[in-house]
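First up is the structure itself, then whatever we jot down about it.
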Amino acid sequence: MRTFVKVVLFTDRDGRARFREEEVLLTEGTPQTLLSPVYPGAGYQLRRSPVGFRSDWHCTPAPQWVFILEGEMEIGLRDGGARVFKPGEHFYSADTLPAGETFDAAVHGHWSAQRGPQPLVTLFVRN
């Protein structure tokens, strides 16, 4: 396979968070080590969330990759949809507040929660 699936959490035109999948072409490297182009990164942050953690509704402050290192993370959307990410899985979180908008928890953002028996450990990589 010469592509990488990038799961993206984004803000749609109606201001609501949604998921979509995008393909990233692996155009570099060798047949044994297919690579994408190098993308910029501005820093990283680690987080540990205890069993039972659930956030309030919020938008992502700045686009970032989220990698699940331990435990499970559920992301809930305003439309009632949700997706669970397990260790080794990841997504690109880009559901920022639309320019000029004031945060409205009835419309904007998502919530995140720890799932399963283990604390949640995540790695955030900002661009």
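When the residues of the range 62-84 are narrowed to those that are aliphatic (A, V, I, L, M) and surrounded by 13 or more Cβ atoms within 10 Å (Cβ to Cβ), which ends up nearest to the chain's Cα centre (by Cα)?
Narrowing the range 62-84 to residues aliphatic (A, V, I, L, M): 62, 66, 68-69, 73, 75, 77, 82, 84.
From the residues that got through so far, the ones that are surrounded by 13 or more Cβ atoms within 10 Å (Cβ to Cβ) too are 66, 68-69, 73, 75, 77, 82, 84.
Values: VAL66: 5, ILE68: 10, LEU69: 13, MET73: 10, ILE75: 8, LEU77: 12, ALA82: 12, VAL84: 11 Å.
The qualifying residue nearest to the chain's Cα centre (by Cα) is VAL66.
Are any residues in the range 4-20 assigned to a strand (DSSP E or B) and out of contact with any Ser or Thr (no Cβ under 9 Å at 6 or more places or on another chain), and if so, which ones? I'd like the intermediate steps shown before the answer.
Filtering the range 4-20 for residues assigned to a strand (DSSP E or B) gives 4-11, 17-20.
Within the range 4-20, VAL5, LYS6, VAL7, PHE19, ARG20 meet the criteria.
Anything in the range 21-61 that is surrounded by 12 or more Cβ atoms within 10 Å (Cβ to Cβ) and assigned to a loop (DSSP other than H, G, I, E, B)? List them, or say none.
The answer is LEU26, SER36, VAL51, PHE53, SER55, TRP57, CYS59, THR60.
If you check PRO87 against the conditions, is it in contact with a strand residue (DSSP E or B) (Cβ under 8 Å, 6 or more places away or on another chain), at pLDDT below 95 and either surrounded by 13 or more Cβ atoms within 10 Å (Cβ to Cβ) or among the β-branched types (Val, Ile, Thr) (or both)? Steps first, please.
Values: in contact with a strand residue (DSSP E or B) (Cβ under 8 Å, 6 or more places away or on another chain): yes; at pLDDT below 95: no; either surrounded by 13 or more Cβ atoms within 10 Å (Cβ to Cβ) or among the β-branched types (Val, Ile, Thr) (or both): yes.
Against the criterion (in contact with a strand residue (DSSP E or B) (Cβ under 8 Å, 6 or more places away or on another chain), at pLDDT below 95 and either surrounded by 13 or more Cβ atoms within 10 Å (Cβ to Cβ) or among the β-branched types (Val, Ile, Thr) (or both)), PRO87 does not qualify.
Can you tell me how many residues in the range 97-127 are buried (at least 17 other Cβ atoms within 10 Å of the Cβ) and assigned to a loop (DSSP other than H, G, I, E, B)?
Result for the range 97-127: 3.
The values are calculated or read from the model by the stated rules, or taken from the named source; none is laboratory data. Bear in mind that the values here come from a model prediction, so they are computed numbers and not experimental data. Please note: Cβ atoms are built from the backbone with ideal geometry, for glycine as well, and neighbour counts cover all protein chains shown.
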